[in-house]
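Participant: Take a look at the following structure, please.
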There are 2 protein chains.
Amino acid sequence: MRTRITELFQIKYPVVQAGMIWCSGWELASAVSNAGGLGLIGSGSMYPDILREQIRKCKAATDKPFGVNVPLFYPDIDKHMAIIAEEEVKIVFTSAGNPLTWTKWLQEKGITVVQVISNLKFAKKSEDAGVDALVAEGFEAGGHNGREETTTMCLIPMIRDAVQLPLIAAGGIGDGRAMAAAFCLGAEGVQVGSRFAATLESSAHQNFKNAIVDAGDGATELTLKELTPVRLIKNHFYQEVQDAYKHHADRDALSELLGHGRSKKGMFLGDLEEGELEIGQVSALIHDIKPAAEILHEIVDGFEKTMQKLRQM
Amino acid sequence: MRTRITELFQIKYPVVQAGMIWCSGWELASAVSNAGGLGLIGSGSMYPDILREQIRKCKAATDKPFGVNVPLFYPDIDKHMAIIAEEEVKIVFTSAGNPLTWTKWLQEKGITVVQVISNLKFAKKSEDAGVDALVAEGFEAGGHNGREETTTMCLIPMIRDAVQLPLIAAGGIGDGRAMAAAFCLGAEGVQVGSRFAATLESSAHQNFKNAIVDAGDGATELTLKELTPVRLIKNHFYQEVQDAYKHHADRDALSELLGHGRSKKGMFLGDLEEGELEIGQVSALIHDIKPAAEILHEIVDGFEKTMQKLRQM
């Protein structure tokens, strides 16, 4: 299976494990990379010294390519980027910010830059900024997301028609059927988040992993659009947000209600009531917690089986 | 191309043209059926005598199978169903209501019943009610939609895993790439709405057809969730709804603002400012107005090309 994405990253399978806060440290990233995908360390929940430690441990655990995801709104972004350069990380996924700010700086150091976008405007902006590839992430994805609410089914062909860059699809992709669907739509690789959050190597709290398995149809919603839109499990904290809306809470009130450390509380410390539980709609299709390598192989096998089935139609 | 859907309806291609208010009268339905798909008359915007006339004209215009879509919340539903039986319509798509109410009554008259659902609960309920097939419609679809906001990418495999019925995918499907993607996800047919709304045979106003062509990324939103959630183009009326939300409008105030005849005003009479313009996210991928037969053949050709491309990967 060779695509521009396997070529760009020098990996066996065009499957990227999304860099997720509180879930994707070196254990998950190295497990995915060792199995032939591209593992990403999610730096958004890491202090600079933690990030450095995670990169070093990942390098020790795999000789395969891996990368770091950097949300560009992160306050310590300068320190994060400096560490990434010092530790000679080869691949960086940037998200939630302007692709013009860091792309050239990173590329001058020989780093491959991939920008995560959720709309057409930022896809074009990223191409103009000279990034090496795009992740186009649909409305169904977990965590922070775009205001256009464009789903993977509509977003991928729209981006494919508009830009020439190698294209990775994200949002709603947890098995080989969805991977095959994404390729039909024009993707050359997929980024998988939620499914890898529920793995043995995920650094999320066991309670959160169990909550992903328990989540069914309609268990999540994209909310807090007045701040940064985020897809959450509808738990007690989510209900508090809905109550605040009913009482006509403004941006400041919502911001105060969210407070600090909500996602850590939920996803890392396992408080399923008061924590923020960021996961995608595809959680409704996740029924177990397994080793990451097994998940990767299931996705690739499922892709092949889906292709065979369609050939016989 | 043979699937359980082509068998069930005795049609050449597993492509259904959605029954849409103000767009799909006998001209569109017969054009699609004559071209080898399944055309549907959208009865939701028709008085009973109009529906009878439309069915008779459709029968005169095609000897191929066609059907009628009936939203079950329609006030004159008894009259509609009586006319459907009297005029010997063979296929009925029911939507927006309880599948238990009419399924047996229709089937006893030899009518094939397909239920449109947007969540897992109603899929199972429809299977229990004994319908002959399902349309599973994702969040990106135009018009009225489910509260779970589950996208096509997540909904189709979820329904595929849970029910045994022949399955038609809807929402975000306007070309052969999306049709192929839907088949990867487990569908055996597709229902296409928005793309057929922008055809020569669509009975929509030319202004509305032009608005579909003009719609880009982020041009629509699922709103009015306090009433019945509906995906609309963000025009002046939509802005009025948003302003009402800012002023904490309740259900009654929203209902009064919506008033009566908004969709007719927009989609049939062409008032792009004050009318309700129901269309799917896939409108961003629609760039022209063409004959329906040409659209159908483009979808089928695009499906074949997508399959060939993946085989060569």
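The values are calculated or read from the model by the stated rules, or taken from the named source; none is laboratory data. Keep in mind the model is a prediction, meaning the values are calculated, not measured. Reconstructed Cβ throughout: ideal geometry from the backbone, glycine too, with neighbour counts over all protein chains shown.
Participant: Yes or no: the range A:126-135 includes at least one residue that is within 10 Å of chain B (Cβ to nearest Cβ) and buried (at least 24 other Cβ atoms within 10 Å of the Cβ). Quick ask: steps written out before the conclusion?
Facilitator: Our first condition is that a residue be within 10 Å of chain B (Cβ to nearest Cβ); within the range A:126-135, this holds for none.
Checked the range A:126-135: no residue is within 10 Å of chain B (Cβ to nearest Cβ) and buried (at least 24 other Cβ atoms within 10 Å of the Cβ).
Participant: Residues in the range B:178-200 that are charged (D, E, K, R) and either within 18 Å of A:Met158 (Cα to Cα) or not assigned by TED's automatic domain parsing to the domain that holds B:Arg160 (or both): how many? Steps first, please.
Facilitator: To start, the set of residues in the range B:178-200 that are charged (D, E, K, R) comprises B:188, B:195.
Subset that is either within 18 Å of A:Met158 (Cα to Cα) or not assigned by TED's automatic domain parsing to the domain that holds B:Arg160 (or both): B:195.
Going through the range B:178-200 one residue at a time, the tally reaches 1.
Participant: Yes or no: the range B:45-54 includes at least one residue that is touching a residue at least 60 places away in the same chain (Cβ under 8 Å), touching a Phe, Trp or Tyr at 6+ places or on another chain (Cβ under 7 Å) and either of a type in the set (Phe, Trp, Tyr) or buried (at least 24 other Cβ atoms within 10 Å of the Cβ) (or both).
Facilitator: If we filter the range B:45-54 for residues that are touching a residue at least 60 places away in the same chain (Cβ under 8 Å), which is where we start, we get B:45.
In the following step, the residues that additionally are touching a Phe, Trp or Tyr at 6+ places or on another chain (Cβ under 7 Å) were identified as B:45.
Keeping just the survivors that are either of a type in the set (Phe, Trp, Tyr) or buried (at least 24 other Cβ atoms within 10 Å of the Cβ) (or both) gives none.
There is no residue in the range B:45-54 that is touching a residue at least 60 places away in the same chain (Cβ under 8 Å), touching a Phe, Trp or Tyr at 6+ places or on another chain (Cβ under 7 Å) and either of a type in the set (Phe, Trp, Tyr) or buried (at least 24 other Cβ atoms within 10 Å of the Cβ) (or both).
Participant: With B:Ala187, B:Ala162 as the choices, which residue is farther than 24 Å from B:Met46 by Cβ, within 14 Å of chain A (Cβ to nearest Cβ), surrounded by 24 or more Cβ atoms within 10 Å (Cβ to Cβ) and in contact (Cβ under 8 Å) with a residue 24 or more places away in the chain?
Facilitator: The unique qualifying residue is B:Ala187.
Participant: While we're on this one: Determine whether the range A:201-208 contains at least one residue that is buried (at least 22 other Cβ atoms within 10 Å of the Cβ), under 30 Å from A:Ala123 (Cα atoms) and either within 14 Å of chain B (Cβ to nearest Cβ) or of a type in the set (Val, Ile, Thr) (or both).
Facilitator: Within the range A:201-208 (the criterion being buried (at least 22 other Cβ atoms within 10 Å of the Cβ), under 30 Å from A:Ala123 (Cα atoms) and either within 14 Å of chain B (Cβ to nearest Cβ) or of a type in the set (Val, Ile, Thr) (or both)), the answer is no, since none of the residues qualifies.
Participant: Would you mind stating whether A:Thr151 is of a type in the set (S, T, N, Q), touching a residue at least 24 places away in the same chain (Cβ under 8 Å) and touching a helix residue (DSSP H, G or I) at 6+ places or on another chain (Cβ under 9 Å)?
Facilitator: Numbers: of a type in the set (S, T, N, Q): yes; touching a residue at least 24 places away in the same chain (Cβ under 8 Å): no; touching a helix residue (DSSP H, G or I) at 6+ places or on another chain (Cβ under 9 Å): yes.
Spelling it out, it is not the case that A:Thr151 is of a type in the set (S, T, N, Q), touching a residue at least 24 places away in the same chain (Cβ under 8 Å) and touching a helix residue (DSSP H, G or I) at 6+ places or on another chain (Cβ under 9 Å).
Participant: OK, next. Only one residue in B:Gly143, B:Gly138 is assigned by TED's automatic domain parsing to the domain that holds B:Gly171, on the phi > 0 side of the Ramachandran plot and either among the basic types (Lys, Arg) or crowded, with 22+ Cβ neighbours inside 10 Å (or both). Which one? Spell out how you get there, then give the answer.
Facilitator: Details: B:Gly138 fails: on the phi > 0 side of the Ramachandran plot.
One residue alone meets the criteria, B:Gly143.
Participant: Here is a follow-up. How many residues does the range A:280-313 hold that are within 14 Å of chain B (Cβ to nearest Cβ), over 11 Å from A:Arg177 (Cβ atoms) and among the small types (Gly, Ala, Ser)?
Facilitator: Counting residues in the range A:280-313 that are within 14 Å of chain B (Cβ to nearest Cβ), over 11 Å from A:Arg177 (Cβ atoms) and among the small types (Gly, Ala, Ser) gives 3.
Participant: Could you tell me which numbered condition B:Lys234 fails, if it satisfies all but one of (1) crowded, with 19+ Cβ neighbours inside 10 Å; (2) basic (Lys, Arg); (3) farther than 30 Å from A:Arg311 by Cα?
Facilitator: (1)
Participant: Quick test for you: out of B:Ala215, B:Ala219, B:Ala249, pick the one residue that is at pLDDT below 95, small (Gly, Ala, Ser) and over 18 Å from the mean Cα position of the chain (by Cα).
Facilitator: On the way: B:Ala215 fails: at pLDDT below 95; B:Ala219 fails: at pLDDT below 95.
That would be B:Ala249, the only listed residue that is at pLDDT below 95, small (Gly, Ala, Ser) and over 18 Å from the mean Cα position of the chain (by Cα).
Participant: While we're here: Would you say A:Ala18 is at positive phi and touching a strand residue (DSSP E or B) at 6+ places or on another chain (Cβ under 7 Å)?
Facilitator: Details: at positive phi: no; touching a strand residue (DSSP E or B) at 6+ places or on another chain (Cβ under 7 Å): yes.
Considered against the rule, which asks whether it is at positive phi and touching a strand residue (DSSP E or B) at 6+ places or on another chain (Cβ under 7 Å), A:Ala18 comes out as no.
Participant: Turning to a different aspect of this structure: Can B:Phe93 be described as among the hydrophobic types (A, V, I, L, M, F, W, C), touching a Cys at 6+ places or on another chain (Cβ under 9 Å) and either modelled with pLDDT of 95 or more or over 28 Å from B:Gly138 (Cβ atoms) (or both)?
Facilitator: no
Participant: Within the range B:58-137, which helices (runs of 4 or more DSSP H) (wholly inside it) include 1 or more residues that are more than 28 Å from B:Val230 (Cα to Cα)? I'd like the intermediate steps shown before the answer.
Facilitator: Numbers: elements: B:77-86, B:103-107, B:120-129.
Output list reads B:77-86, B:103-107.
Participant: Is at least one residue of the range A:186-197 among the hydroxyl-bearing types (Ser, Thr, Tyr) and within 30 Å of A:Lys12 (Cβ to Cβ)? Don't jump to the end; show me each part of the working.
Facilitator: Step one: of the range A:186-197, the residues among the hydroxyl-bearing types (Ser, Thr, Tyr) are A:194.
Right, trim to within 30 Å of A:Lys12 (Cβ to Cβ) and you get A:194.
Looking through the range A:186-197, at least one residue is among the hydroxyl-bearing types (Ser, Thr, Tyr) and within 30 Å of A:Lys12 (Cβ to Cβ).
Participant: Could you please find all residues in the range A:165-184 being within 13 Å of the chain's Cα centre (by Cα) and touching a residue at least 40 places away in the same chain (Cβ under 8 Å)?
Facilitator: Across the range A:165-184, the qualifying residues are A:Ile168, A:Ala170, A:Gly171, A:Gly172, A:Ile173, A:Gly174.
Participant: When you scan the range B:102-112, do you find a residue that is touching a Ser or Thr at 6+ places or on another chain (Cβ under 8 Å) and among the β-branched types (Val, Ile, Thr), even just one?
Facilitator: yes
Participant: While we're on this one: (1) away from chain B (no Cβ under 13 Å); (2) in contact (Cβ under 8 Å) with a residue 60 or more places away in the chain; (3) closer than 30 Å to A:Met307 by Cα; (4) part of a loop (DSSP other than H, G, I, E, B): which one isn't true of A:Phe196, the others all being true?
Facilitator: Among (1) away from chain B (no Cβ under 13 Å); (2) in contact (Cβ under 8 Å) with a residue 60 or more places away in the chain; (3) closer than 30 Å to A:Met307 by Cα; (4) part of a loop (DSSP other than H, G, I, E, B), the lone unmet condition for A:Phe196 is (4).
Participant: Could you tell me whether the range B:30-37 includes any residue that is among the small types (Gly, Ala, Ser), within 12 Å of the chain's Cα centre (by Cα) and under 16 Å from B:Ala204 (Cα atoms)? Let's see the steps before the verdict.
Facilitator: So in the range B:30-37, the residues among the small types (Gly, Ala, Ser) come out as B:30-31, B:33, B:35-37.
Now drop any that are not within 12 Å of the chain's Cα centre (by Cα), which leaves none.
Checked the range B:30-37: no residue is among the small types (Gly, Ala, Ser), within 12 Å of the chain's Cα centre (by Cα) and under 16 Å from B:Ala204 (Cα atoms).
Participant: Does B:Gly174 meet the test of being more than 9 Å from chain A (Cβ to nearest Cβ) and under 22 Å from B:His297 (Cβ atoms)?
Facilitator: Values: more than 9 Å from chain A (Cβ to nearest Cβ): no; under 22 Å from B:His297 (Cβ atoms): yes.
Answer is no for this residue.
Participant: Another one. Condition check: within 13 Å of chain B (Cβ to nearest Cβ), in contact with a Ser or Thr (Cβ under 8 Å, 6 or more places away or on another chain) and at pLDDT below 95. Does A:Gly146 satisfy that?
Facilitator: Values: within 13 Å of chain B (Cβ to nearest Cβ): yes; in contact with a Ser or Thr (Cβ under 8 Å, 6 or more places away or on another chain): yes; at pLDDT below 95: yes.
Yes, satisfied.
Participant: Suppose we filter A:Leu257, A:Leu269, A:Leu277 for residues that are more than 14 Å from chain B (Cβ to nearest Cβ) and in contact with an Asp or Glu (Cβ under 7 Å, 6 or more places away or on another chain); which single one remains? Working first, answer last.
Facilitator: On the way: A:Leu269 fails: in contact with an Asp or Glu (Cβ under 7 Å, 6 or more places away or on another chain); A:Leu277 fails: in contact with an Asp or Glu (Cβ under 7 Å, 6 or more places away or on another chain).
After applying the criteria, what remains is A:Leu257.
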